[in-house]
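Single-structure report; data block below.
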Amino acid sequence: MTTSSPTPVLAARGLTKRYGQVTALDGADFELLPGEILAVIGDNGAGKSTLIKALSGALVPDSGEIKLDGKAVHFKSPSDARKAGIETVYQDLAVAPAMTIAENLFLGREIKRGGLLGKLHVINKKQMLDEAVKYMQELKIGIRSMKQAVETLSGGQRQGVAVARSAAFAKHVVILDEPTAALGVKESGMVLDLIRRVRDRGLPVILISHNMPHVFEISDRIHIQRLGRRAALVNTKDITMPDAVAIMTGAKTI
Amino acid sequence: MSTQTPKSSNPASSSILSKLPPLTILGPLAALLLSIIFFSLQSDRFLAGRNFSLIVQQVMVVGVLAIGQTLVVLTGGIDLSNGMVMALGQVVMTKFAMDFGMPPYLAILCGLLVTMGFGFLNGLLITRINLPPFIVTLGTLNIAFAITQIYSKAQTVSNLPDSMLLLGETFKIGETAINYGSVLMLLLFLFVWFVLRDTAPGRHVYAVGNNAEAARLNGIPSKRVLLIIYTLAGLMYGIAALLLVARTSVGDPNAGQTENLESITAVVLGGTSLFGGRGNVLGTLIGALIVGVFRNGLTLIGVSSVYQILITGILVILAVTTDQLSRRKG
């Protein structure tokens, strides 16, 4: 275990969640430090997604506490977590395929016009477009036109849009669920670069992934989940890939 | 992927292409123009201002119904009840005015509230109990039909006050008489088009139709959007009822029996996808006009109405096929 001097951005203690006979979370702890990429790994059924759902407000744990910037929080829905500054990019990419990139970036948070038109919810397409261009530029996502429909993009570019959207609006934490799962080598590389840039902008990132090479390439620390608990929390540079897998499968303990 | 310089210094070709509305609106427009050219060559009476005014007048009821239908289809739903709800609306309007001696405006308001109530009921069943729109509106279609028949005792309501028929009256531009109802229809199309295109709630309708779960995860209250859309569609059906009363001068309990399919035809011909999330209400106007032009033109050149139905059927299949194929490609 690492000693943590700064206040964790997001921390959890003793989270439990039961579904009838099945215990998905069995007193799991969690800790995300400022400015880090924390990978969450674990075998199927280890409670990874349940943990992430609890942190992102998609489910309410039976017991345990979650702290954001040291203050206890109780998320009842994903929008509670969003309002608190935690943005999640889901595996199945919550995008509207027939709508433009700019519209997708501002989905549900459209920029309104000023004055009376704004009160009538008339949107400012120009400003949305300009900000989309500026923002995608900052994250070095090279897409020619923000007026393109998202469905015209490649898988990696779509993932880029989803990541950019969450990074644009997250005040505290970005959670990425298997962001490279459906991507080729080149596209994965692009998304990993993007994740680093998000971190370099000061936003801590939680990365759930099955892809060990990607986890070791990009993460600062690794949270290994096993049997509903955190089996280990290690600095990525202090552990080898075979050891991580061994802890994950229970062949080895720390 | 290349890092491109920002601003609108995109290559001209791509920016023009992205500005042009896709096939979804150019296709219907081309079909409309071709059919107009075709019928102009077939009949010299076709290309008269009077005839065009007549075509618009003939499509105004289905046109306004189809506005409501477009809203519903954009969310990924469908509304089979709209013709019957309209019939109920016009019976309520006319009977309230005649039986209770209600002031016409109040009676009209009651009719609109009834049609909105039906829309709200559709929305409630679809969002709260998660029933498929097809089944829900098939049920409310029958309920609205039965109530209409029971309440009116299958009797037509006539001798209506003039103020209820105002929208059926005309004004002249040159030689062409245009009725107020047609103008109201066109204004409604423009208004809904603007709201869908340029306001946040309008974009949310598309978002819900594209991916309701994504919309929800991004903080758009998908279910509330659906409920509002079905209710607004109900309002459109009430306005269509008022237009029908104005055009026919009666409250007819047997009206609206084929209008549900006609409104769907207009929506589909207009390029709005039955899968939701893509399309445009101006396309629906074009779709309604295509149907109107075909009906009118085929009548002028003496083709019997059975063939008109046949041709409409073929057009719908063509439009839906185009939609399906373009989706498969994407």
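The values are calculated or read from the model by the stated rules, or taken from the named source; none is laboratory data. Quick caveat: nothing in here was measured; it's all calculated off a predicted structure. All Cβ positions, glycine included, derive from the backbone under ideal geometry; neighbour counts span all protein chains shown. Keep in mind that these areas ignore ligands, DNA and RNA; they rest on the heavy atoms of the full protein, side chains included. Shrake-Rupley method; radii C 1.70, N 1.55, O 1.52, S 1.80 Å.
Values computed for the structure shown
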| quantity | calculated |
| --- | --- |
| Subset tally (residues that are out of contact with any Cys (no Cβ under 9 Å at 6 or more places or on another chain) and either surrounded by fewer than 21 Cβ atoms within 10 Å (Cβ to Cβ) or among the hydroxyl-bearing types (Ser, Thr, Tyr) (or both)) for the range B:96-111 | 10 |
| Failed condition for A:Asp193, given (1) open to solvent by less than 60 Å² (accessible area, probe 1.4 Å); (2) within 30 Å of A:Ala11 (Cβ to Cβ); (3) within 14 Å of another protein chain (Cβ to nearest Cβ) | (1) |
| Test: residue in the range B:96-117 that is touching an Asp or Glu at 6+ places or on another chain (Cβ under 9 Å) and under 21 Å from B:Leu261 (Cβ atoms) | no |
| Test: residue in the range B:123-132 that is under 18 Å from the mean Cα position of the chain (by Cα), open to solvent by less than 10 Å² (accessible area, probe 1.4 Å), at pLDDT 95 or above and farther than 16 Å from B:Gly251 by Cβ | yes |
| Options A:Leu116, A:Leu107: the member that is over 20 Å from A:Phe169 (Cα atoms) and either facing chain B (nearest Cβ under 8 Å) or surrounded by fewer than 20 Cβ atoms within 10 Å (Cβ to Cβ) (or both) | A:Leu116 |
| Among (1) out of contact with any Asp or Glu (no Cβ under 8 Å at 6 or more places or on another chain); (2) crowded, with 18+ Cβ neighbours inside 10 Å; (3) facing chain B (nearest Cβ under 9 Å), the one test that A:Arg144 misses | (2) |
| Residue identified as modelled with pLDDT of 90 or more and either under 27 Å from A:Leu107 (Cβ atoms) or open to solvent by less than 20 Å² (accessible area, probe 1.4 Å) (or both) among A:Leu25, A:Leu33 | A:Leu25 |
| Subset of the range A:151-172 [within 9 Å of another protein chain (Cβ to nearest Cβ), buried (at least 19 other Cβ atoms within 10 Å of the Cβ) and not polar (S, T, N, Q)] | A:Gly156, A:Gly160, A:Arg165 |
| The lone exception for A:Asn124 - which of (1) surrounded by fewer than 23 Cβ atoms within 10 Å (Cβ to Cβ); (2) touching a residue at least 24 places away in the same chain (Cβ under 8 Å); (3) within 10 Å of another protein chain (Cβ to nearest Cβ) it fails | (2) |
| Single residue of the range A:69-81 satisfying the filter (assigned to a loop (DSSP other than H, G, I, E, B) and surrounded by fewer than 17 Cβ atoms within 10 Å (Cβ to Cβ)) that is farthest from the other protein chains (Cβ to nearest Cβ) | A:Gly70 |
| Hits in the range B:179-212 - residues which are open to solvent by less than 40 Å² (accessible area, probe 1.4 Å) and closer than 25 Å to B:Leu47 by Cα | B:Asn179, B:Gly181, B:Ser182, B:Met185, B:Phe189 |
| Residue satisfying condition, being closer than 30 Å to A:Thr249 by Cα and aliphatic (A, V, I, L, M), within set A:Ala162, A:Ala181, A:Ala170, A:Ala149 | A:Ala181 |
| Filtered residue count, the range A:127-141, keeping only those that are at the interface with another protein chain (Cβ under 9 Å from one of its Cβ atoms), in a loop (DSSP other than H, G, I, E, B) and not basic (Lys, Arg) | 1 |
| Identity of the residue in the range B:276-293, within 14 Å of chain A (Cβ to nearest Cβ) and open to solvent by 10 Å² or more (accessible area, probe 1.4 Å), that ends up farthest from A:Ala96 (Cα to Cα) | B:Asn280 |
| Qualifying residues in the range A:82-104 (those that are closer than 30 Å to A:Lys67 by Cβ and not hydrophobic (A, V, I, L, M, F, W, C)) - the one farthest from the other protein chains (Cβ to nearest Cβ) | A:Gly85 |
| Every pair of residues 6+ apart whose Cβ atoms lie under 7 Å, when the first sits in the range A:41-64 and is touching a residue at least 40 places away in the same chain (Cβ under 8 Å) and in a loop (DSSP other than H, G, I, E, B) while the second is polar (S, T, N, Q) and open to solvent by 50 Å² or more (accessible area, probe 1.4 Å) | A:Asp43/A:Thr249 |
| Near pairs, Cβ below 7 angstrom, 6+ apart or cross-chain, from the range B:208-234 (among the hydrophobic types (A, V, I, L, M, F, W, C)) to any residue that is in a loop (DSSP other than H, G, I, E, B) and open to solvent by 40 Å² or more (accessible area, probe 1.4 Å) | B:Leu217/A:Tyr90 |
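One line per residue, one yes/no per condition, for (1) at pLDDT below 95; (2) surrounded by fewer than 24 Cβ atoms within 10 Å (Cβ to Cβ); (3) not polar (S, T, N, Q):
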position: B:Leu54; (1), (2), (3): yes, yes, yes
position: B:Gln57; (1), (2), (3): yes, yes, no
position: B:Gly63; (1), (2), (3): no, no, yes
position: B:Gly68; (1), (2), (3): no, no, yes
position: B:Leu71; (1), (2), (3): no, no, yes
position: B:Gly77; (1), (2), (3): no, no, yes
position: B:Ser81; (1), (2), (3): no, no, no
position: B:Ala87; (1), (2), (3): no, no, yes
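This table checks each residue for (1) touching a residue at least 60 places away in the same chain (Cβ under 8 Å); (2) in contact with a strand residue (DSSP E or B) (Cβ under 9 Å, 6 or more places away or on another chain).
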residue: B:Val91; (1), (2): yes, yes
residue: B:Pro104; (1), (2): yes, no
residue: B:Ala107; (1), (2): no, no
residue: B:Gly119; (1), (2): yes, no
residue: B:Ile135; (1), (2): no, no
residue: B:Leu141; (1), (2): yes, no
residue: B:Ala146; (1), (2): no, no
residue: B:Gln149; (1), (2): yes, no
residue: B:Ile178; (1), (2): yes, yes
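Conditions (1) aliphatic (A, V, I, L, M); (2) more than 12 Å from B:Val62 (Cα to Cα), marked per residue:
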{"residue": "B:Asn210", "(1), (2)": "no, yes"}
{"residue": "B:Ala215", "(1), (2)": "yes, yes"}
{"residue": "B:Tyr230", "(1), (2)": "no, yes"}
{"residue": "B:Ile239", "(1), (2)": "yes, no"}
{"residue": "B:Arg247", "(1), (2)": "no, yes"}
{"residue": "B:Leu285", "(1), (2)": "yes, no"}
{"residue": "B:Ala288", "(1), (2)": "yes, no"}
